[in-house]
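Below: the structure, in structure tokens.
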Amino acid sequence: MNECVDYTELMTRFRRAYAKADRGLLQEVLGAGFEWHTHTFDPTAPAPTGRVLRGLDEMLDELQRRKDEWVDVRFDGLVEHFAPRLVTQSFTISGLDGGTPFAAAAVDLYTLDDDELIVKKDTYWKYAAP
């Protein structure tokens, strides 16, 4: 296995597809059996409840829900690190969810399959005062 990896191009494509909620572009970067382990929370009482979304359809449903309910969302300070078949991202996120402010420091872990496609997105949020 090549220890010197750079998944910049893959993650650039993923971020573009994710931001647009583009089914075709997401299909190009997600592998079979994709799962998204979310940070899901109640913005009035944030607690790490989590939820597992399986497959592209469930991911697109969540992205649509966010588009419908989240406003003034801001991502800042994205940093990515690469290891064989693993990408880590850290960033901050803030906005309004259904009118309730939220802010968090976030870490996403992306597991890749043998074809270097994303098969798991693990999301962790540490809540901060909005």
| request: Would you please list the contacts, defined by Cβ atoms under 6 Å and residues six or more apart or on different chains, that run from a residue in region 84-100 that is under 15 Å from LYS121 (Cα atoms) to a residue that is surrounded by 14 or more Cβ atoms within 10 Å (Cβ to Cβ) and of a type in the set (Ser, Thr, Tyr)? | output: VAL87/TYR7; VAL87/TYR110
| message | Suppose we keep only residues that are closer than 16 Å to LEU109 by Cα, outside any strand (DSSP E or B) and not polar (S, T, N, Q) within region 14-46. Which one would you say is modelled with the lowest pLDDT? | response | HIS39
| task | Tell me, please, whether a residue that is closer than 20 Å to ALA21 by Cα, among the acidic types (Asp, Glu) and touching a Lys or Arg at 6+ places or on another chain (Cβ under 7 Å) can be found in region 93-105. | result | no
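Looking only at region 52-77, count every residue that is acidic (Asp, Glu), in contact (Cβ under 8 Å) with a residue 24 or more places away in the chain and part of a strand (DSSP E or B) and tell me the total. Walk me through it before giving the result.
Keep residues of region 52-77 that are acidic (Asp, Glu), which gives 57-58, 61-62, 68-69, 72, 76.
From what's left, in contact (Cβ under 8 Å) with a residue 24 or more places away in the chain: 62, 69, 72.
Restricting the remaining residues to those that are part of a strand (DSSP E or B) gives 72.
Summing the residues that are acidic (Asp, Glu), in contact (Cβ under 8 Å) with a residue 24 or more places away in the chain and part of a strand (DSSP E or B) in region 52-77 gives 1.
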| Out of all the residues in region 84-94, is one or more within 22 Å of LEU10 (Cα to Cα) and over 15 Å from the mean Cα position of the chain (by Cα)? | yes
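Kindly indicate which of GLU62, GLU28, GLU69 is charged (D, E, K, R) and surrounded by 15 or more Cβ atoms within 10 Å (Cβ to Cβ).
Values: GLU28 fails: surrounded by 15 or more Cβ atoms within 10 Å (Cβ to Cβ); GLU69 fails: surrounded by 15 or more Cβ atoms within 10 Å (Cβ to Cβ).
Criteria check complete, one pass: GLU62.
The values are calculated or read from the model by the stated rules, or taken from the named source; none is laboratory data. All values reported here derive from a predicted model rather than from experimental measurement. Glycine gets a Cβ as well: all are built from the backbone with ideal geometry, and neighbour counts include every protein chain shown.
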